[in-house]
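Bear in mind that the values in this text are calculations on the coordinates, not laboratory data. Please read these numbers as outputs of a predicted model, since none were measured by experiment. Cβ placement follows ideal geometry from the backbone for every residue including glycine, while neighbour counts extend to all protein chains displayed.
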Amino acid sequence: MFKQTVDFIKTQFPFQEFIPLHEPRFIGNEKKYVIDCIDSTFVSSVGKYVDDFEKKIVEYTGAKYAVACVNGTAALHMAMIVSGVKKNEIVITQPLSFIATCNAIAYIGAAHLFVDVDLDTMGLSPEKLQHYLSENAIKKVDGFTYHKTTKQKIAAVIPMHTFGHPARVDELVSICANYNIALIEDAAESIGSFYKGKHTGTFGCVGTFSFNGNKTITSGGGGAIITNDETLAKRAKYLTTQAKVPHRWDFVHDEIGYNYRMPNINAALMCAQLEQLNYFLENKRTLANQYKDFFKDKEIKFVEEPKDSKSNYWLCAILLADKKMRDEFLQFSNDSGVMTRPVWRLMNKLEMFKDAMCGNLDNAQQLEDRLVNIPSSVRI
Ligand SMILES: *Cc1c(COP(=O)(O)O)cnc(C)c1O
């Protein structure tokens with residue numbers, strides 16, 4: 001069955017000896033815009049491509065504001081700062097995520113609290129969140145929610161749209177509204193993914209994207225913050241550009257700022273990639289459908305987009321029967337020139353976060369044991 005699967009993957013990428021998990025594609029205006037950017041000399045922190053990029057993100061996602069960032073991790077860090085998350089407060093996130101989510105929480109000095117994911121979406125589970133808060137949290141007269149045992153304020157919840165599949169984010173919104181907790185969406189993996197017709201990242205108070213080289217579209221390194229809140233957007237722009245007081249020649253900074261702005265040369269690349277986005281999405285969906293047909297009625301299950309969602313199918317995933325079979329498949333496929341990889345080691349098991357607070361994490365554990373990502377690049 002492994003051989004049959006690997007052979008099928010090879011038929012989907014026929015001209016490659018080694019099939020990577022996800023490769024970037026530069027088949028549009030990338031070179032043209034990057035050369036134009038170099039010729040303009042505006043390669044750095046100001047320039048028309050940064051403004052264009054932000055405008056295009058606004059148009060595409062339907063968010064009111066976008067702020068370009070140097071990468072997705074910086075975007076997450078900034079999202080927490082502008083949402084008012086402070087040192088020693090609690091931030092709830094899922095244990096099944098890329099390390100950047102947890103690192104950004106650590107930059108704030110906040111405390112991690114892990115709540116389980118749903119099996120179908122692989123994103124933070126509204127039921128598990130509600131259950132955890134009902135048992136362990138209390139809303140005080142100041143209107144904020146505190147942890148019953150540690151007495152810390154629960155400042156934010158950060159769900160992640162895993163591999164581009166949207167989490168049940170509308171339910172998360174209503175839970176967070178009830179408890180007056182900020183909802184920040186880590187939409188790093190989900191540009192082009194919609195939940196109930198709305199783009200991921202537009203449900204919470206702030207959403208963040210990554211445009212790293214392995215993502216659906218890339219600026220080399222890059223990220224963005226989106227929000228509908230003008231105050232938050234202005235503050236994010238100000239803090240990502242060294243907190244400079246606007247003036248024609250005077251150089252005054254009135255706060256500790258960050259150099260988190262995306263360079264214009266990266267934005268040039270991004271503008272070209274955004275022109276390709278819809279084509280990439282269709283192309284990836286076709287591949288996902290081929291996988292879906294192939295794995296129908298097989299012991300290995302293909303992970304399909306959840307209900308009410310349109311997924312970008314960033315990384316396609318399959319579920320094997322158990323950890324033993326997963327490991328055998330990883331071994332076999334990687335030996336055969338087909339790159340596959342297990343999901344990230346759960347965050348609560350890493351040395352840095354092993355003492356963090358946790359709810360019941362059965363679903364995340366099951367996915368960690370059984371899930372494997374398979375090649376998902378746009379085919380040209
Ligand atoms: C890629 C990614 C990030 C971080 O993005 P960078 O641009 O690499 O800093 C954050 N969160 C998740 C879930 C990601 O997959």
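Using a cut-off of 22 Å between Cα atoms, the listed pairs K55/K307; K32/K234; K284/K307; K139/K237; K301/K349 include K55/K307; K32/K234; K139/K237; K301/K349 as exceeding that distance.
Can you give the log10 of the normalised intensity I(q)/I(0) at q = 0.13 Å⁻¹, computed with Debye over equal Cα scatterers of the stretch 245-323? Results for the stretch 245-323 at q = 0.13 Å⁻¹ read -0.66. Tell me which GluC sites (Glu not before Pro) from the stretch 10-68 have a DSSP coil assignment and no more than 16 other beta carbons within 10 Å of their own. Passing both the DSSP loop test and the Cβ count: E17. I need the shape label for the stretch 264-380. Rule: rounded when a/c is under 1.5, else prolate if a/b > b/c, else oblate, with a, b, c from the alpha carbon gyration tensor. Verdict is oblate for the stretch 264-380. A simple packing score, the average count of other Cβ atoms within 10 Å per residue, orders the peptides 159-166, 44-51, 347-354, 253-260 as 159-166, 44-51, 347-354, 253-260, with the highest score first.
Here the Karplus relation 6.51 cos²θ - 1.76 cosθ + 1.60, evaluated at θ = phi - 60°, turns the backbone of the stretch 138-151 into coupling constants of 9, 8, 9, 4, 6, x, 9, 9, 10, 7, 4, 7, 8, 6 Hz, with x for every Gly and Pro. Note on the stretch 127-286: semi-axes of the ellipsoid equivalent to its C-alpha gyration tensor, largest first and rounded to whole Å, are 31, 26, 11. Over all distinct Cα-Cα pairs of the stretch 1-117, the Kirkwood formula returns a hydrodynamic radius of 18.5 Å. For T340, the residues whose amide H sits under 5 Å from its own are N334, ignoring neighbours fewer than 5 places away on the same chain, with H placed 1.01 Å from N.
Could you pull out every one of the aspartates and glutamates with an alpha carbon less than 14 Å from that of K153, ignoring same-chain neighbours closer than 8 positions? Candidates past the 8-residue exclusion: E89, D142. The tail of the calculated P(r) for the chain, taken as Cα-Cα distances beyond 40 Å, holds 15 percent of the pairs.
Extents of the stretch 66-221, taken as max minus min of Cα coordinates on every principal axis and listed largest first, are 45, 30, 24 Å.
Taking the Cα centre of the stretch 108-210 as origin and assigning +1 to Lys and Arg Cβ atoms and -1 to Asp and Glu Cβ atoms, the resulting dipole is close to 420 debye. Put a plus charge on the Cβ of each Lys and Arg, a minus charge on the Cβ of each Asp and Glu, and nothing anywhere else: the dipole of the stretch 229-380 about its Cα centre is then about 260 debye. For a straight C-alpha distance cut-off of 17 angstrom, the lysines reachable from K31 (same-chain residues fewer than eight places away being disregarded) are K48.
Put the Cα centre of the stretch 321-340 next to the Cα centre of the stretch 227-277 and the gap is 43 Å. With just the Cα atoms defining each centre, how far is the stretch 108-138 from the stretch 186-211? Give it in Å. For the stretch 108-138 versus the stretch 186-211, the Cα centre distance is 19 Å. Which is farthest toward the positive dipole end of the chain among H77, F98, M325, measuring Cα position about the Cα centre, with Cβ charges +1 (Lys, Arg) and -1 (Asp, Glu)? The residue sitting most towards the positive pole is H77. For the chain, the share of DSSP beta bridges that are antiparallel, to the nearest 5, is 60%. When you restrict to C-alpha pairs under 8 Å that are six or more residues apart and normalise by the size of the stretch 175-216, the relative contact order lands at 42 percent.
For the stretch 333-346, the Karplus equation 6.51 cos²θ - 1.76 cosθ + 1.60, evaluated at θ = phi - 60°, returns couplings of 5, 5, 5, 9, x, 10, 6, 9, 7, x, 6, 4, 4, 4 Hz by residue, with Gly and Pro reported as x. If you look at the Cα atoms of the stretch 55-103, you get an Rg and a Dmax of 12.9, 37 Å.
Across the options F295, V378, A364, the greatest Cα extent toward the positive end of the charge dipole of the stretch 260-380 (unit charges at beta carbon of Lys, Arg, Asp, Glu) belongs to V378. Across the stretch 85-90, computed HN-Hα scalar couplings (Karplus, 6.51 cos²θ - 1.76 cosθ + 1.60, θ = phi - 60°) run 6, 10, 3, 6, 7, 9 Hz from first to last residue, x flagging Gly and Pro.
Can you flag which of K56/K196; K64/K196; K128/K354; K292/K354 are past 27 Å Cα-Cα? Listed pairs above 27 Å: K292/K354. Taken about its Cα centre, the chain carries a charge dipole of roughly 340 debye when the Cβ of each Lys and Arg holds +1 and the Cβ of each Asp and Glu holds -1.
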